[in-house]
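Below is one structure; the comments refer to it alone.
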């Protein structure tokens, strides 16, 4: 069994990665990190250089964790939800970990399409982690 994490170098994606590392450590299992690309918008205070730094920092956290992991890149023309769902179907997956942004009450009614698909179609439990979560 393994744990699959949907990862982007965003606060929500990084929180999901931290939670995935924690869960993999607690369960003594492997981690599959489906690494998407974050090119549509960088947010208010981040740019490509900040994203590269985040990816390097997160890769170091994976290496230091001692957890066995596999990185699965999402091609630019691929649907991230499809790649994540394929990863959960490929092996017996104990848990899917995804990140979500904090939302206003109205924003909670409108869920991101990828998140919605993963919650509805995943054949395993899904842990949805809010941006800012720190497993430490």
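So how do 130, 56 line up by other beta-carbon neighbours within 10 Å, fewest first? Write out the running numbers ahead of the final one.
Working: 130 15, 56 11.
In order of increasing Cβ crowding within 10 Å: 56, 130.
Please report 129, 33, 4 as a ranked list, fewest other C-beta atoms within 10 angstrom at the top and most at the bottom.
129, 33, 4
Using Cβ contacts closer than 10 Å as the measure, can you line up 18, 59 from fewest to most?
On the way: 18 21, 59 15.
So the residues, fewest neighbours to most, are 59, 18.
Quick note: the coordinates plus some simple rules give every number you see, no bench work behind them. Please read all numbers here as calculations on a predicted model, not as lab measurements. So basically every Cβ, Gly included, is an ideal-geometry build from the backbone, and we count neighbours across all protein chains shown.
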